[in-house]
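Presented below is the structure to which this report refers.
Read-outs: derived from the displayed coordinates by stated rules, not from any lab. As the structure is a computational prediction, the values presented were derived from the model and not from experiment. Cβ placement follows ideal geometry from the backbone for every residue including glycine, while neighbour counts extend to all protein chains displayed.
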Amino acid sequence: MREILQKLVRTQGVRGALVASPDGFVAAAETPGDVDDEAVAAAAAAMRSACAATASRLGKGEFARCVLTGESGGAILAEAGGALLAVLLDAGANQGLVGVEVKSAAAEVAKQTAF
């Protein structure tokens, strides 16, 4: 799984990435030293819950991906076979390009997890 994350963080605009269990525990991480992996994993689990509930309430089906954009960057959270793939973005990251890489990485993570 580490190779998948290492490839993902080489994508322009990606600051870090991690895989978390549905309850917010870190399974693998490739993040800079100033990132609190446990806090990101916990936030990813909470974000997934909120996004899944919103998707359901709006009649949009099962949760697949959620994008967060802020003033100084953002994050993409993707379903990965029961696991969560959280990708941290720099400000100005090309979300289309990163989104393609996230989709591919999530599929690879799904093959390797059993959550």
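Membrane-span-like helices in the chain, defined here as complete DSSP H runs extending at least 20 Å along the helix axis by their C-alpha atoms with mean Kyte-Doolittle hydropathy no lower than -0.5, are 37-57, 95-112; this is a sequence and geometry rule, not a statement about a membrane.
Relative intensity of segment 2-112 on a log10 scale, I(q)/I(0) at q = 0.12 Å⁻¹, equals -0.35, per a Debye sum over C-alpha point scatterers of equal strength in the absence of solvent. Shown is the FRET efficiency for A50 and K111, computed with R0 = 22 Å from the Cβ-Cβ distance and rounded to the nearest 0.05: 0.25.
With the helix formula -39500 (n - 2.57) applied to DSSP H stretches of n ≥ 4, the chain reaches a computed 222 nm mean residue ellipticity of -13500 deg cm²/dmol. Segment K7..K103, full-extension length gain: 33.3 nm, with 0.36 nm per residue of separation and the alpha-carbon distance subtracted. Expressed to the nearest 5 percent, the antiparallel share of DSSP beta bridges inside the chain is 95 percent. Partners of K103 within straight-line reach, counting lysines whose Cα lies under 18 Å from its Cα and excluding those fewer than 8 residues away in the same chain: K7, K111. Looking at A39, S21, C51, which one has the Cα that reaches farthest to the positive end of the dipole of the chain (charges on Cβ: Lys, Arg +1; Asp, Glu -1)? The residue sitting farthest along the positive end of the dipole is C51. Dividing the mean sequence gap of close Cα pairs (under 8 Å, 6+ apart) by how many residues segment 2-112 holds gives a relative contact order of 29 percent. Residue ranges 30-36, 47-53 sort as 47-53, 30-36 when ordered by packing (mean number of other C-beta atoms within 10 Å per residue, highest first). With a cut-off of 14 Å between beta carbons, the residues surrounding V98 carry a summed charge of +3, where Lys and Arg count +1 and Asp and Glu -1.
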